[in-house]
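Trainee: Let me give you the structure first, and then I'll get to my questions.
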Amino acid sequence: GGKCLDYHTGVPTKYMVGTVEGLVMSVNRKASDPSTRISNVFPGHYGPVYAVRRHPTETKYFCSISDWSCRFFTEDNKTPLITIPAQRNYLTNAVWGLSRTTVIYTGNTVGGIDAWDLIQSLKQPVCSISVGSNPVYSMAIENNGQFLLTGDSEGTATLLELNDPLRNITQTEKSLFNGMMGRESKRVKNYDQFIKEQKMREKQKAGGHMDEQEQKEEKEFNPGEIEAEFEAALRGEMEKVVEKKRVVIGEEEGQQPPPPPQGGQPKGEEGKLGD
């Protein structure tokens, strides 16, 4: 069942849905086949997802609110990149800053608003304010990023004016944010690849049989190759891997190579390796 919805004009063909089962779904509204309409599912929560917010400028990143915490994802991986520590009070909503896009504002069940600066600290908010004693269910930010509007369970709306440190963007802020999220993306990708290889090794030790699809997906873990692929993805490039086949004139496909000539090994050499 759907609990919340987020649509970003920068990604016109997709919208995000948070469910009561703790899942975030990426839905393709232009899908021709109904079976491919849900393009991806992101687990990570144990309770209902109360808010899903796509980043204002870097649209491949998004956050979700549930389980007393806020988790940040990328569309390239199902594992959360960053998780804000669990708070004492249940979180109910969140919204990104529009002037400073590295700041996210969260609301809770006791009427509190917290401002988190992701490039400064992930352990505690940079600013906290109470707008009442009722749960904050609705949050919206003005287009210029100067005002934050909240609404609680009793229908009370509160307009907050953000101060200069929460509005004025620095020159290196965007590069710092992309660098941090890029490092976390590589870390999560390497970790998932390591876990996958560990499961394959355990299956082989247990005498399990791998099907053809699993054998095709199995490959040697190479952190340098993963880093190169990620940097190419950031530049918008797509690397094409071309499979090269060896063709020998006069041999049919699948034909075994001829055996080595007999007598090539000198007498007396047999058994030396074993000795």
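Trainee: Given the criterion charged (D, E, K, R), closer than 30 Å to TYR46 by Cβ and surrounded by fewer than 17 Cβ atoms within 10 Å (Cβ to Cβ), identify the matching residue among LYS199, LYS174.
Mentor: Of the residues listed, the single one that is charged (D, E, K, R), closer than 30 Å to TYR46 by Cβ and surrounded by fewer than 17 Cβ atoms within 10 Å (Cβ to Cβ) is LYS199.
Trainee: For GLU154, only one of the following conditions fails: (1) outside any strand (DSSP E or B); (2) acidic (Asp, Glu); (3) open to solvent by less than 50 Å² (accessible area, probe 1.4 Å). What is its number?
Mentor: GLU154 satisfies all of (1) outside any strand (DSSP E or B); (2) acidic (Asp, Glu); (3) open to solvent by less than 50 Å² (accessible area, probe 1.4 Å) except (3).
Trainee: Can you give me the number of residues within region 84-118 that are over 15 Å from LEU166 (Cα atoms) and part of a strand (DSSP E or B)? Show your work before the answer.
Mentor: Of all residues in region 84-118, those over 15 Å from LEU166 (Cα atoms) come to 84-94, 107-112.
When the remaining residues are screened for being part of a strand (DSSP E or B), the result is 91-94, 107-108, 112.
Going through region 84-118 one residue at a time, the tally reaches 7.
Trainee: Now a separate question. Determine whether GLN124 is modelled with pLDDT of 90 or more, under 29 Å from ARG187 (Cβ atoms), open to solvent by 30 Å² or more (accessible area, probe 1.4 Å) and within 26 Å of the chain's Cα centre (by Cα). Even if it seems obvious, please write down each step before you answer.
Mentor: Details: modelled with pLDDT of 90 or more: yes; under 29 Å from ARG187 (Cβ atoms): yes; open to solvent by 30 Å² or more (accessible area, probe 1.4 Å): yes; within 26 Å of the chain's Cα centre (by Cα): yes.
Judged against the criteria, GLN124 is a match.
Trainee: Taking only region 87-104 into account, find how many residues are free of Cβ contacts under 8 Å to residues at least 60 places away in the same chain, of a type in the set (Ser, Thr, Tyr) and open to solvent by less than 20 Å² (accessible area, probe 1.4 Å).
Mentor: Restricting attention to region 87-104, the residues satisfying the condition of being free of Cβ contacts under 8 Å to residues at least 60 places away in the same chain are 87-96, 98, 104.
Now drop any that are not of a type in the set (Ser, Thr, Tyr), which leaves 90, 92.
Cutting the leftovers down to open to solvent by less than 20 Å² (accessible area, probe 1.4 Å) gives us 92.
Of the residues in region 87-104, 1 are free of Cβ contacts under 8 Å to residues at least 60 places away in the same chain, of a type in the set (Ser, Thr, Tyr) and open to solvent by less than 20 Å² (accessible area, probe 1.4 Å).
Trainee: Can you tell me which residue in region 53-86 is nearest to LYS3 (Cα to Cα), limited to those that are surrounded by 23 or more Cβ atoms within 10 Å (Cβ to Cβ) and of a type in the set (Val, Ile, Thr)?
Mentor: ILE65
The values are calculated or read from the model by the stated rules, or taken from the named source; none is laboratory data. Predicted model only: the values in this text are computed from it and were never measured. Note that we place each Cβ from the backbone using ideal geometry, even for glycine, and neighbour counts take in every protein chain shown. Just the protein is used for accessible areas: all its heavy atoms, side chains included, with ligands, DNA and RNA removed. Shrake-Rupley method; radii C 1.70, N 1.55, O 1.52, S 1.80 Å.
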